[in-house]
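Data first, discussion second: the structure below is written as structure tokens.
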Amino acid sequence: MSSLPPYASTGQRVWHYSYLAICAAIFFFLIFPIIVILPLSFNAENFFTFTPAMLALDPEGYSLKHYYDFFTNPDWQQALKNSVMIAPVATILATSFGTLAAIGLSQSHVPYKPAIMAVLISPMIVPLIISAAGMYFFYSRIGLQGTYWGVVMAHAALGTPFVIITVTATLVGFDRSLVRAAANLGANPVTTFFKIQMPLIVPGVVSGALFAFITSFDEVVVVLFLGSAAQKTLPWQMFTGLREQISPTILAVASLMVAISIVLLTILELLRRRSERLRGLSPG
């Protein structure tokens, strides 16, 4: 936010600093629970609270044993393996379907675009428990309930709306004359897409893919409905740990997932700035 001009009135100054205070309070409200988890993950005891040694900053009160347990416990490693096997494949499917849908809906001759868009992004709007129940009844009838591909397809359906929205936003500033020029020069639609469109919309595609990956990697409700013991993912294992054994390893896993989220959000911000430069919305 830009600073106040020297001629600002008293009311403007009060609103300016009040607005900053409100934003800081909201930021603290959202971030504080995450900040608490990080030091607790280094707790030397098997507690979910700060011990006297931790509060006294005693080195004996801190340990990496919960991280060690995560990397050596076969249950956690199997859950991590399942998440790594499911999330990338679901991301590829969601990115492919979402990009094609966004490009198709960007065409001026497509009828009923608002209705089609509403249907495609409905997984973001419909409560997740309802989507999971509907997928369960549908997939159980076609034999995909409890299978790897059933979970992958369900996660792809949940991630596709994020790809559609990000790619559609990127296509808003796309110059259609480039496509017509490529067609006049003899390029077929496939060549035009990969040579003209894709290089310009790739920031939106990658951003949508990252959102789809995060959605799949963090999802627990759908996999509880559709997955079997062989598809127990990392969020499922965390949920089980909270209900059955209250394992402090959950804190270490949560801290690692927060770190991954921060890295992905940083990549998203870099891609957003690159997209703005390509579209001429910000200086290079």
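The values are calculated or read from the model by the stated rules, or taken from the named source; none is laboratory data. All values derive from a computational prediction rather than experimental measurement. Glycine also receives a Cβ, built like all others from the backbone with ideal geometry; neighbour counts cover every protein chain displayed.
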Which one of these does Leu224 not meet: (1) modelled with pLDDT under 85; (2) aliphatic (A, V, I, L, M); (3) more than 15 Å from Ser96 (Cβ to Cβ)? (1)
Among all residue pairs at least 6 apart or on different chains, which show Cβ distances below 7 Å where the first residue, located in the stretch 263-279, is in a helix (DSSP H, G or I) and the second is surrounded by fewer than 16 Cβ atoms within 10 Å (Cβ to Cβ) and at pLDDT below 75? Arg273/Ser282; Glu276/Ser282; Arg277/Gly284
If a residue must be over 30 Å from Tyr62 (Cα atoms) and not aliphatic (A, V, I, L, M), how many such residues does the stretch 7-43 contain? 12
Could you please let me know if Val84 is surrounded by fewer than 21 Cβ atoms within 10 Å (Cβ to Cβ), without any contact (Cβ under 8 Å) to a residue 40 or more places away in the chain, among the hydrophobic types (A, V, I, L, M, F, W, C) and over 27 Å from Val223 (Cα atoms)? no
The lone condition Asn46 fails out of (1) in contact (Cβ under 8 Å) with a residue 60 or more places away in the chain; (2) within 17 Å of Thr249 (Cα to Cα); (3) part of a helix (DSSP H, G or I) is (3)
The one condition in (1) surrounded by 13 or more Cβ atoms within 10 Å (Cβ to Cβ); (2) closer than 30 Å to Gly173 by Cβ; (3) more than 23 Å from the chain's Cα centre (by Cα) that His109 fails to fulfil: (1)
Which condition number in (1) over 27 Å from His155 (Cβ atoms); (2) surrounded by 10 or more Cβ atoms within 10 Å (Cβ to Cβ) is the one that Thr99 fails? (1)
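Let's see how each residue does on (1) of a type outside the set (A, V, I, L, M, F, W, C); (2) surrounded by fewer than 22 Cβ atoms within 10 Å (Cβ to Cβ); (3) not assigned by TED's automatic domain parsing to the domain that holds Leu144:
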| residue | (1), (2), (3) |
| --- | --- |
| Gly204 | yes, no, no |
| Thr233 | yes, no, no |
| Ile246 | no, yes, no |
| Ile250 | no, no, no |
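Given Gly134, Gly98, which one is assigned to a helix (DSSP H, G or I), closer than 30 Å to Val179 by Cα and either assigned by TED's automatic domain parsing to the domain that holds Ala230 or among the polar types (S, T, N, Q) (or both)? Step through it out loud before you land on a result.
Values: Gly134 fails: closer than 30 Å to Val179 by Cα.
The unique qualifying residue is Gly98.
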Residues located in the stretch 186-234, provided they are touching a Gly at 6+ places or on another chain (Cβ under 8 Å) and not in a helix (DSSP H, G or I): Gly227, Ser228, Thr233
Name the pairs: first residue in the stretch 20-39 and surrounded by 11 or more Cβ atoms within 10 Å (Cβ to Cβ), second residue not aliphatic (A, V, I, L, M), Cβ to Cβ under 8 Å, at least 6 apart or on different chains? Ile37/Ser255; Leu38/Ser255; Pro39/Phe50
